[in-house]
Structures are given as structure tokens and as C-alpha cells.
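The values are calculated or read from the model by the stated rules, or taken from the named source; none is laboratory data. Keep in mind that this is a model prediction, so the values were computed, not measured. Every residue, glycine among them, receives a Cβ derived from its backbone with ideal geometry; neighbour counts consider all protein chains shown. All accessible areas refer to the heavy atoms of the entire protein, side chains included, with ligands and DNA or RNA removed. Shrake-Rupley method; radii C 1.70, N 1.55, O 1.52, S 1.80 Å.
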Amino acid sequence: MTAPDLAAILDLEETTFASWPDLAHERLDGWLLRFAAGHTKRANSVNVLHGDPRDLDTRIAAAEQRYRSRGLRPVFRLTPLAEAGLDHALAARDYALVEPSLVKTAPMLADVAADPEVALSRAPDGAWFEGYVAAAKLDGAAAATLRAMFARIDGQPVYAMLSYAGVPQGFAMAVTRRGRVGFFDVLTLPHARRRGIARRIMASLIAWSRVEAGAVSMWIQVVEANAPARALYRDLGFATVYGYHYRVAP
């Protein structure tokens, strides 16, 4: 088995942090502790930048204290950058393993065009934001946190929505940073599933990011159990480069 390219993984991880920002963060030795008022585990978890097997129990306890002081349950996001013993140490503390996920990359597609029925905007305008908040069933606090996170994006974002007769069918967003575009919040409403909505939205985001933002490559994160999403991304040329999972404190 080929050893993972840890430098390339770290580079993509840092792109993730910039594209899906937290509202505050701290560093603990080689760990990045991210905080965003609890909205998404990705922005509210310990992420390893540089693994160090020494003093794991001490550092875990310190990280736990920092999250609990903010009223948050401690969560660790474990990629190939994590220390070899960290997963075992967390399991011994009864942390649950949740959401094994895949990070996929692809070359930029040059043969897709924007769908004229997909509305694209450079900012999360009222229609997109209010529609997404309703579709994702976010409460007021989560919606306020999400808006604050969007304001901190380091890159060129674009927001997509597809509606029929004024009724939203699906949403997504993309962020291009240093020639690499990542995709987030890909959501199809239950009544619109299995109709190619996500594919049309993704095509529009890809085309916009290529033409308007100069993207030359693509990446996405997907929960491993989401077979329909994985099939779509495979059709778009994405291939897995590494995986990660979360450990959530009891």
C-alpha cells in the first residue's frame, strides 16, 4: 500500500479550514481546535496538523477542557495526519466513532456548462440563505452562526439554488481558493430527490468556478455511507485521496 502524502493532505486540510471557516480557534501543540458555536462537527473539532505521540492523555484532557468551557461537546476529526495512538486513546475514553467520510479530488471539468435554471449568486442573498436555512431545518442560532461563518470565508464563494415555480428543489455552494474549488452544503429537498437536481447544481457550480474564479481542480468531502452522493461524484471524476472520521465524547 502506498504511504499517504502527508504534505498534500495538510495542504488540502488547510484549504478546508479557509473555505469552511470557524469563528475562533486555538492551537494546542500540533492540534488546531476549531470553534463555531456548535454548527457542524467540521468547524467544531480538534484537527491534527502535526502528529506527536507524546503526552496524548494530557493533551486530550486539555482539549476537552477548552471545548467544555465553551459549552461544546469535545469532538476530534481524525485524518491520516493524526497520531497513530490517538484513535485508540479516544476509544478508551468511550468516544464514539461517527461519520466515516472521504475526501475526493478531481481535475477541473472543461465540458460542463451552467444550467440556466440554476440561480447563482456571489453572496448568500435572502432567497438562497432563507431557503437553505428552511431546507436544512436550522434554528435561529445556527442560522446566525452560518451567516457569520460565510462572512469569514477566505476565497471566492458562489451559491446555487434550483427552484421550480418558486419552490426550492436543491442548494449548494462552492469556494475557490488558490485555483482549487471545494463544494459544500449540497442539499436536495426530499420531494425532489432522484431527479438529477444535485447533478445540475454541481455542473453550474463547476462551470462558474472554472470561468469566473479560475479553478483548475476540484475537491469535496462526502460521508462514506452516502451512496447516491458518492455515485454522483464518481461520475464527475472525483477519486478518493484519504478518509477521516470523528470521535465524539460521551
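Go through the stretch 156-184 and give me each residue that's closer than 23 Å to Thr105 by Cα, buried (at least 19 other Cβ atoms within 10 Å of the Cβ) and not hydrophobic (A, V, I, L, M, F, W, C). Across the stretch 156-184, the qualifying residues are Pro157, Tyr159, Gly170, Thr176, Arg177, Arg180, Gly182. The criterion of being without any contact (Cβ under 8 Å) to a residue 60 or more places away in the chain, assigned to a loop (DSSP other than H, G, I, E, B), of a type in the set (Gly, Ala, Ser) and open to solvent by less than 30 Å² (accessible area, probe 1.4 Å) does not hold for Ala123.
Find the residue count for the stretch 194-214, including only residues that are more than 19 Å from the chain's Cα centre (by Cα) and over 19 Å from Tyr164 (Cβ atoms). Number of matching residues: 7. Considered as a group, the residues in the stretch 231-250 that are open to solvent by 50 Å² or more (accessible area, probe 1.4 Å) and not aliphatic (A, V, I, L, M) include one that is farthest from Ala63 (Cα to Cα), and that residue is Asp235. Here the condition is being modelled with pLDDT under 95 and either open to solvent by less than 40 Å² (accessible area, probe 1.4 Å) or aliphatic (A, V, I, L, M) (or both); of Ala192, Ala225, it holds for Ala192 alone. Within the stretch 57-86, residues that are in contact (Cβ under 8 Å) with a residue 24 or more places away in the chain have Cβ atoms under 8 Å from residues that are of a type in the set (Gly, Ala, Ser) and in a helix (DSSP H, G or I) in these pairs: Asp57/Ala89; Ile60/Ala89; Pro74/Ala63; Phe76/Ala63, counting only partners at least 6 apart in sequence or on another chain.
Against the test of being more than 20 Å from the chain's Cα centre (by Cα) and either over 22 Å from Pro4 (Cβ atoms) or modelled with pLDDT under 95 (or both), the options Ala89, Ala63 yield a single qualifying residue, Ala63. Only one of the numbered conditions (1) without any contact (Cβ under 8 Å) to a residue 40 or more places away in the chain; (2) farther than 30 Å from Phe76 by Cα is not met by Ile201, and that is (1).
Kindly establish whether Met173 is assigned to a strand (DSSP E or B) and in contact with a Gly (Cβ under 8 Å, 6 or more places away or on another chain). Against the criterion (assigned to a strand (DSSP E or B) and in contact with a Gly (Cβ under 8 Å, 6 or more places away or on another chain)), Met173 does not qualify.
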